[in-house]
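Trainee: Sharing a structure here in structure tokens format.
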Amino acid sequence: MFRGRPRPGGCSSPQRSAKFTILGFIIDKIIPLKIPIVIWVSLLALFVSSPICPGNDFIVEQTEKINFMAIATPILAYAGLSFRKDLKEFRKLSWRIVVISIVVYTGTFVLSTLIAEFGFRLTGKFH
């Protein structure tokens, strides 16, 4: 609800998603950095759903209704199908790719944990 009435083109509607996407394209044209448009759209969505943005309660309420596993399943299936075209090149990498993957995943996990710990200590949660 927005001021006591339903918000037209609410967050769950395709029109709202299209607005964010179009705004991401506009930002990409205005700011002269070579950054993928998906990053601009993601940053815009993060800002709009953050506590500093007015009306974020409505957006958070609407996005809580989305079943993200239903969205992730077709994306992962598509990624698996697209992997097949690179299978021969993947075989050339042999065991080295396993070592690199373990190092990357471990580093990502440890760094994410440190960032979360820093954030929790900064906000005073989970002393």
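Derivation of every value follows stated rules applied to the coordinates shown; laboratory data play no part. All values derive from a computational prediction rather than experimental measurement. Using ideal geometry, Cβ is built from the backbone for each residue, glycine included, and neighbour counts are taken over all protein chains shown.
Trainee: Scan (1) surrounded by 11 or more Cβ atoms within 10 Å (Cβ to Cβ); (2) out of contact with any Cys (no Cβ under 6 Å at 6 or more places or on another chain) for the single condition Gln62 breaks and write down its number.
Mentor: It fails just one condition, (2).
Trainee: Here is a follow-up. Could you pull out the residue among Lys29, Lys65 that is assigned to a loop (DSSP other than H, G, I, E, B), among the charged types (D, E, K, R) and more than 30 Å from Ile97 (Cα to Cα)? Reasoning before the result, please.
Mentor: Details: Lys29 fails: assigned to a loop (DSSP other than H, G, I, E, B).
Only one candidate passes the filter, namely Lys65.
Trainee: Moving on. If a residue has to be assigned to a helix (DSSP H, G or I) and more than 30 Å from Ser49 (Cβ to Cβ) to count, how many in the range 68-105 make the cut?
Mentor: Count: 20.
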